[in-house]
1. Please give me the summed charge of the neighbours of Thr29: other residues whose Cβ is under 15 Å from its Cβ, Lys and Arg +1, Asp and Glu -1.
2. At 7 Å along the Cα-to-beta-carbon direction for both Thr72 and Ile103, put a label point, then send me their distance in nm to one decimal.
3. By how many nm would the segment from Ile62 to Ser35 lengthen if fully extended, with 0.36 nm per residue of separation less the alpha-carbon distance?
4. Given a Förster radius of 22 Å and the C-beta distance between Arg95 and Ala17 as r, what FRET efficiency does 1/(1 + (r/R0)^6) yield to the nearest 0.05?
5. How much net charge surrounds Arg95 when only the other residues with a Cβ under 13 Å from the Cβ of Arg95 are counted, with Lys and Arg +1 and Asp and Glu -1?
6. Ranked by accessible surface with a 1.4 Å probe, highest first, in what order do Thr88, Thr41 come?
Amino acid sequence: WDRCRGMMMNARMFYRADERVFWFCRGRTWKWNQSHVGFGTVWHIPSVQQRNGKEHPVQFPIEIPDRCIGATTDVDDVVLDLFCGSGTSLVSAIRLGRRAIGIEREPKWAELCRERLRAEEQSSTLQARKAGQVAMFGGAK
């Protein structure tokens with residue numbers, strides 16, 4: 001993924017302008033959904049820092065896990081994110097009809113992730129919820 005200069009630049013060395021996606025498979029077979037054929041190895045997707053709504057310091061656009069999860073899993077499969085941060089990959093999994101398990105050791109980010117998942121459950125966004133457009137636990141305000 002081309003980060004579009006989303007990382008801090010350091011005048012004393014080259015900076016990383018990309019983020020790598022690793023895909024690991026167990027065994028000799030793997031799942032690939034043909035609807036995702038045609039994406040190259042470099043994805044040009046604006047970073048979250050360049051959009052409204054960034055909640056986490058290294059939050060990535062939801063289009064990245066959308067492509068990865070959509071290409072390599074089927075509806076009702078389980079997606080595990082061991083470092084879920086703000087929960088972007090979990091939100092993507094839920095939107096794509098997958099089950100999601102997230103692990104986060106930092107309480108601040110774990111709570112943010114829980115808020116995003118609650119908002120997603122109620123078909124809202126965290127920004128709308130914080131703006132008072134949706135009640136935190138329950139229906140619309």
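The values are calculated or read from the model by the stated rules, or taken from the named source; none is laboratory data. No experiment lies behind these values; they were computed from the predicted model shown. So basically every Cβ, Gly included, is an ideal-geometry build from the backbone, and we count neighbours across all protein chains shown. Accessible surface areas use protein heavy atoms only, side chains included; no ligands, DNA or RNA. Shrake-Rupley method; radii C 1.70, N 1.55, O 1.52, S 1.80 Å.
1. Summing Lys and Arg as +1 and Asp and Glu as -1 gives +1.
2. 1.7 nm
3. Contour length minus the Cα-Cα distance gives 7.9 nm.
4. 0.20
5. On the way: positive: Arg67, Arg98, Arg99, Arg116; negative: Glu63, Asp66, Glu120, Glu121.
Net local charge, Arg95 excluded: 0.
6. Result, largest first: Thr41, Thr88.
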